[in-house]
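Input: a single structure, listed below in structure tokens.
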Amino acid sequence: MLIRKPADIRSSDITPKEVFLRRRELLQAGLMAGGLALGGPAMAAILPPGRRAKLVDVAAGKFSTDETVNSYTDITTYNNYYEFGTGKSDPFENAQEFEPMPWTVKVAGHCEKTGIFDLEDFIRPYALEERIYRLRCVEAWSMVIPWVGVPLADIVRQYRPLSNAKYVVFETLLDPERMPGQRSRALHWPYVEGLTIAEAVNPLSLLAVGVYGEVLPNQNGAPMRLVVPWKYGFKSIKGIVSMTFSETRPRTTWERAAPHEYGFYANVNPEVDHPRWSQARERRIGSSVGGLQGILGAAKQETLMFNGYGEHVAHLYEGLDLRRNF
Amino acid sequence: MLFVLCLVPALLVVADAYGIGGTLGANPIEEIQDRFGNWGLRFILIALAVTPLRQLTGRNWLLRFRRMLGLFAFFYVLMHFLAWLLLDQGLLTSAIAGEEFDWSVITEDIFERPFITIGFAALLILVALAATSTAGQRRRLGRYWQKLHNGVYLAAVLGVWHYWWQVKKDFSEPLVYALVLAVLLGYRVWHHRLQTRVGSARNSRAGLPQNH
Ligand code: HEM
């Protein structure tokens, strides 16, 4: 029998990898919530399989819809996250091994406070809120998702943008080793998205770190993603590593990929069709094993202007021709 | 036996719809439509592979299956179309609810969305081919039958093009179909050239006039 010296024993031999990762995740949850509520390796083992650590001290936020929320399975297995593959189930299948923590966010550009910040410091000063939002994908499907996060406005103000800052630009992590989808040239990497300052400080804009009261799964953009519910889903950038205050409008990823199909604003708009398909209606996602009856339940519904958030955001676009600025 | 095998993808859709062994995922209607569309395209290509395989391997019995494979292509494309019409566009839902169905949405999509227009054109070709696929029709149509059934090449090209056009960004899957189709069509051009060359060589040896 081989007896190994202590030096040969990696920590992963002592703690099974599964439990080890889960402990990190609990730590992540605790740090984000401003204090470690759960603790110890024993807790890690009792997380239900496939689920994430619970976030604590989450307040009910404003703007939540009372529509039926999509199931956890729908939300975490049907994703567009090309960094982990272009198929809808690819992110779920390919992101399991991804370990987001530790994570830093670089703040740069026209603001008073620039630097590189640990995610905990970036998020922690703010109370977590649950916001149940509709999400409308440019591919004409939609979901209702209970996000947990902090208002983007609070974070933007924290870094004190200068008067010449007109846009906030976000980037996703660039790491083909850990994000297999980046090894193909499906899109130009890293993923870039942006908002005008007015859009960024709109009370609806959220930086999400969780879903269903739990730490954000990797396939949904862990550890932190944007959520702008009045815009098509591709604006809500995932896995954010930088926030830059810019004077000029960024060239965003999908706009760059197909400028006649995807614009900078990308506001949900039933009157302006995608060149290849209609945006007038959408299918509410919902898995079913109820045979034909269950399938027929998933009828299409009318798409609402600004995804139904017009009262909060329509004023941002007054005088703007939304047909040309799609 | 082969018949049952060809039915498996359709049976899997039904099984998954009831959660037997698998599921149709978070967007079942799209999944059904996509599966039928993919199998339609695959069967077109499989049917087109019969002749090259037969010629290259000399196994003439393969030809017996060509009609059935072609009809399965038609079956899956038809199911794809019906999934779109009845489920995606909601004709069945409206019919069950006894509501008026807005046909203008259908005609608009077919005539104004180019990727659907070409898919629909391909479907119409396959309808014509399926309707004339019986031995009786073949005899009745004589030499026009072969002309008509060369339309399968056009349907295949339109099918791949249709797939290509609706993809958002990642063309790797339609590219695979396009390459397979290119090989199958390329083979025919090559084979045809070879035949005419061999033919004309034989003809000139025999001192017969060459006709091009
Ligand atoms: C020979 C005829 C046809 C073939 C081979 C074909 C094949 C396909 C394939 C392979 C796809 C992609 C599936 C995927 O994303 O995995 C597709 C998508 C689609 N097809 Fe067809 N199709 C045909 C005819 C039609 C017709 C007649 C219609 C409707 C009138 C239609 C409507 C659609 C639509 C709407 C999509 C997009 C589905 C989505 O959103 O994913 N197709 N088709």
- Query: Name the residues in the range B:28-47 that are open to solvent by less than 60 Å² (accessible area, probe 1.4 Å) and either in contact (Cβ under 8 Å) with a residue 40 or more places away in the chain or near the ligand (Cβ under 6 Å from one of its atoms) (or both), would you?
  - Reply: B:29, B:32, B:33, B:36, B:37, B:38, B:40, B:41, B:44, B:45, B:47
- Message: Let me confirm something: among B:128, B:47, B:95, which residue is part of a helix (DSSP H, G or I) and over 15 Å from the mean Cα position of the chain (by Cα)?
- Response: B:95
- Item | Pairs with Cβ under 8 Å, 6+ apart, first in the range B:1-24 and under 19 Å from residue B:83 (Cα atoms) and of a type in the set (Phe, Trp, Tyr), second at pLDDT below 95 and assigned to a helix (DSSP H, G or I) | B:18/A:291
- Message: Suppose we filter B:148, B:154, B:181, B:126 for residues that are more than 21 Å from residue A:140 (Cβ to Cβ), within 12 Å of the ligand (Cβ to nearest atom) and open to solvent by 60 Å² or more (accessible area, probe 1.4 Å); which single one remains?
- Response: B:154
- Query: Right, residue A:266: touching a strand residue (DSSP E or B) at 6+ places or on another chain (Cβ under 8 Å) and at pLDDT below 90 or not?
  - Reply: no
- Query: When residues of the range B:141-175 are filtered for being closer than 25 Å to residue A:253 by Cα and in a loop (DSSP other than H, G, I, E, B), how many remain?
  - Reply: 5
- Query: In the range B:53-85, what count of residues is obtained for those that are more than 14 Å from the ligand (Cβ to nearest atom), under 17 Å from the mean Cα position of the chain (by Cα) and not hydrophobic (A, V, I, L, M, F, W, C)?
  - Reply: 2
- Within the range A:156-172, is there a residue that is under 21 Å from residue A:107 (Cα atoms) and free of Cβ contacts under 8 Å to residues at least 40 places away in the same chain? yes
- Item | Subset of the range B:158-178 that is among the aliphatic types (A, V, I, L, M) and near the ligand (Cβ under 10 Å from one of its atoms) - its residue that is farthest from residue A:80 (Cα to Cα) | B:158
- Would you be able to say whether some residue in the range B:17-26 is in a helix (DSSP H, G or I) and open to solvent by 70 Å² or more (accessible area, probe 1.4 Å)? no
- Note on the structure: Restricted to the range A:272-298 and to residues being of a type in the set (A, V, I, L, M, F, W, C) and surrounded by fewer than 18 Cβ atoms within 10 Å (Cβ to Cβ), the residue farthest from the other protein chains (Cβ to nearest Cβ) is A:272
- Item | Checklist (1) within 12 Å of another protein chain (Cβ to nearest Cβ); (2) in contact with a helix residue (DSSP H, G or I) (Cβ under 6 Å, 6 or more places away or on another chain) applied to residue B:114, failing item | (2)
- Item | Flag if residue A:175 is closer than 30 Å to residue B:171 by Cβ, modelled with pLDDT under 95 and open to solvent by less than 40 Å² (accessible area, probe 1.4 Å) | no
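The values are calculated or read from the model by the stated rules, or taken from the named source; none is laboratory data. In this text the structure is predicted, and so the values were computed from the model without any measurement. Here Cβ is always computed from backbone atoms with ideal geometry, including for glycine, and neighbour counts include all displayed protein chains. Note: areas computed on protein heavy atoms with side chains; ligands, DNA, RNA excluded. Shrake-Rupley method; radii C 1.70, N 1.55, O 1.52, S 1.80 Å.
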